[in-house]
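Before any comments, here is the structure.
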Amino acid sequence: MSKTLFYLLMLALALGTPGCARKDALDDIEHSGKLRVVSRNSPTTYYLDKNGPAGFEYELAQRLARELKVELKIEPAFSLQEIFDRLTRHEAHIAAAGLTRTESRAALYPHTLAYDTLVTQVVYRAGKFRPRQVEELLGMRIVTLANSSHAQVLQELQQSALPELEWEELSEGDTMELLERVDSGEAELALIDSSEFEVQQSLYPRLKVAFDLTEEQDMVWYLPPGPEYSGLLERINTFIAQLKATGELARLRELHFGHTEGFSRISSHTFTRKMRSALPRYEALIKRVAKEYQLDWQLLAAIAYQESHWNPRAQSPTGVRGMMMLTLPTARELGVDNRLDAEQSLRGGARYYKNMKRRLPPDIKEPDRTWMALAAYNIGMGHLEDARILTERDGSDPHLWSEVMQRLPLLQKSAHYKTTRYGYARGREAVTYVQNIRHYYNILQWQDISQQQALPPVEASDHLPARLGEVSLKAL
Ligand code: GLU
């Protein structure tokens, strides 16, 4: 081969081989109109709720896409390895998945400024041996995720101080699977990010933090390797700095990690008190709207109580508002222009509920139809369908609420939600939501009946109407 030909060939290779001369990432995003993000399907990162995609990472990425005036294309990966593989193959512009900054990752992939911090925690089951320092980890059955920052911490410990340290790494799966192993006794300890444990603990009330294994660590986004990403990196860092300066980041963090699941477990006592103090003001209105939509007024009243405690000015940090706590997009869809107007809100909620009920398959009969419509109202029709499919897979009847309510919480467990179409969802909250409403609904019906019949005071348990008997909050 002549020398000239050889150089020409080399030049052609350098210019023409995919992967060698890539476009600047910001240009690519602008020209394609898409910001491609790889994430994980988990409650702290990205999942679908009744209004569509949600999660801390999703919201951050969504804000960045909006700023870049492009569409967000977010895709979940099913292991940490896969996230980094996708970056290496330049299949995503950013990995946004609750990833910790580590030296070895930073050596391979550019990363952003920290947008959060966390510590790695050792989690154990209450009542079992609780280690309080690293030396006590020796001889214990520890699980962690393969390729996680936690596995790296263990490797470092093994190399520096504890050569006999042993642990098991799960290559597929996620934090929830780790927690499940400790809960079931299959493992004694798991290593978890503090931010994840905060959110998951309510699902595993027996699990507790033994001790913090690390100092504060940074949570960052990683980008694919290569100089063509430096412009994008700079842009993201400015974006993060702005979110911090405006307080928006702190607000988002609070929204996603600051909540507790118990908010809807309001005692019957508070309910009956409110029934006397707040309900009379809205009773006529609720009755009127219920009639218009051919609903039981007590059911509409029970939903409104569960949503807002009959407070037409209620609002939550997630941006839902009013008597029926509608989101802005739902309100728009329902033709509600003032969410704080009790009548509009009630009508919007009633319409939304009826809509859910209409969409359910016709072979679901009452009263299950009502409970399932309420679940869909809370969690979205897609997730309810997923829970019904899980029910069917178990050989149980997907037309029965008593069966479906047992499967809804499984949507929070990776072994199950991975096999479903719509993925992770707060299924347990949906069950609590429905059961609370049933409880309130029954109290309201009971009080109506008792008022009409002017019964003398009696022991409630002896004189419950048939429907009250079937409700058991213990089933939660
Ligand atoms: N923060 C962990 C990491 O960067 C991932 C979280 C987890 O799945 O436990 O490896």
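The values are calculated or read from the model by the stated rules, or taken from the named source; none is laboratory data. The structure displayed is predicted, hence computed values, not measured ones. Note that we place each Cβ from the backbone using ideal geometry, even for glycine, and neighbour counts take in every protein chain shown.
Within the range 198-207, is even one residue free of Cβ contacts under 8 Å to residues at least 12 places away in the same chain, away from the ligand (no atom under 12 Å from the Cβ) and either surrounded by 19 or more Cβ atoms within 10 Å (Cβ to Cβ) or not in a helix (DSSP H, G or I) (or both)?
Looking through the range 198-207, at least one residue is free of Cβ contacts under 8 Å to residues at least 12 places away in the same chain, away from the ligand (no atom under 12 Å from the Cβ) and either surrounded by 19 or more Cβ atoms within 10 Å (Cβ to Cβ) or not in a helix (DSSP H, G or I) (or both).
Look at residue 39 and say whether it is of a type in the set (S, T, N, Q), touching a Phe, Trp or Tyr at 6+ places or on another chain (Cβ under 6 Å) and within 16 Å of the ligand (Cβ to nearest atom).
When the stated conditions are applied, residue 39 passes them.
Is it the case, given these coordinates, that residue 112 is surrounded by 20 or more Cβ atoms within 10 Å (Cβ to Cβ) and more than 13 Å from the ligand (Cβ to nearest atom)?
Judged against the criteria, residue 112 is a match.
When the residues of the range 115-134 are narrowed to those that are at pLDDT below 95 and within 14 Å of the ligand (Cβ to nearest atom), which ends up nearest to residue 235 (Cα to Cα)?
Ranking the qualifying residues of the range 115-134, first place goes to 116.
Quick test for you: out of 450, 396, 461, pick the one residue that is surrounded by fewer than 17 Cβ atoms within 10 Å (Cβ to Cβ), among the hydroxyl-bearing types (Ser, Thr, Tyr) and at pLDDT 90 or above.
Going through 450, 396, 461 in turn, just one is surrounded by fewer than 17 Cβ atoms within 10 Å (Cβ to Cβ), among the hydroxyl-bearing types (Ser, Thr, Tyr) and at pLDDT 90 or above: 396.
Within the range 313-327, does at least one residue satisfy the condition of being over 27 Å from the mean Cα position of the chain (by Cα) and closer than 18 Å to residue 440 by Cβ?
no
May I ask you to say which residue of 87, 99 is assigned to a helix (DSSP H, G or I), touching a residue at least 40 places away in the same chain (Cβ under 8 Å), of a type outside the set (Asp, Glu) and within 15 Å of the ligand (Cβ to nearest atom)?
None of the others qualify; the one that does is 87.
Within the range 208-229, restricting attention to residues that are assigned to a loop (DSSP other than H, G, I, E, B) and acidic (Asp, Glu), which residue is nearest to the ligand (Cβ to nearest atom)?
216
If you go through the range 236-262 one residue at a time, how many are at pLDDT 95 or above and in contact with a helix residue (DSSP H, G or I) (Cβ under 7 Å, 6 or more places away or on another chain)?
Residues that pass the stated criteria total 3.
Of all residues in the range 135-152 being assigned to a helix (DSSP H, G or I) and more than 16 Å from the ligand (Cβ to nearest atom), which is surrounded by the fewest Cβ atoms within 10 Å (Cβ to Cβ)?
Looking at residues that are assigned to a helix (DSSP H, G or I) and more than 16 Å from the ligand (Cβ to nearest atom), I get 135.
Are any of the residues in the range 37-45 within 22 Å of residue 171 (Cβ to Cβ), out of contact with any strand residue (DSSP E or B) (no Cβ under 6 Å at 6 or more places or on another chain) and modelled with pLDDT under 90?
Scanning the range 37-45, I find at least one residue that is within 22 Å of residue 171 (Cβ to Cβ), out of contact with any strand residue (DSSP E or B) (no Cβ under 6 Å at 6 or more places or on another chain) and modelled with pLDDT under 90, so the answer is yes.
In the range 162-187, what residues are surrounded by 20 or more Cβ atoms within 10 Å (Cβ to Cβ), more than 11 Å from the ligand (Cβ to nearest atom) and closer than 16 Å to residue 151 by Cα?
Correct list: 167, 187.
Within the range 153-197, which residues are in a loop (DSSP other than H, G, I, E, B) and of a type in the set (Gly, Ala, Ser)?
Selection gives 161, 171, 173, 185, 187.
Among the residues of the range 279-305, write down those that are buried (at least 17 other Cβ atoms within 10 Å of the Cβ) and outside any helix (DSSP H, G or I).
The one that is buried (at least 17 other Cβ atoms within 10 Å of the Cβ) and outside any helix (DSSP H, G or I): 295.
Of all residues in the range 377-401, which are among the small types (Gly, Ala, Ser) and free of Cβ contacts under 8 Å to residues at least 24 places away in the same chain?
Hits for the range 377-401 are 395, 396.
What's the total number of residues in the range 341-375 that are surrounded by 14 or more Cβ atoms within 10 Å (Cβ to Cβ) and part of a loop (DSSP other than H, G, I, E, B)?
Residues meeting the conditions: 3.
If you scan the range 65-84, which residues turn out to be within 15 Å of the ligand (Cβ to nearest atom) and part of a loop (DSSP other than H, G, I, E, B)?
Correct list: 78, 79.
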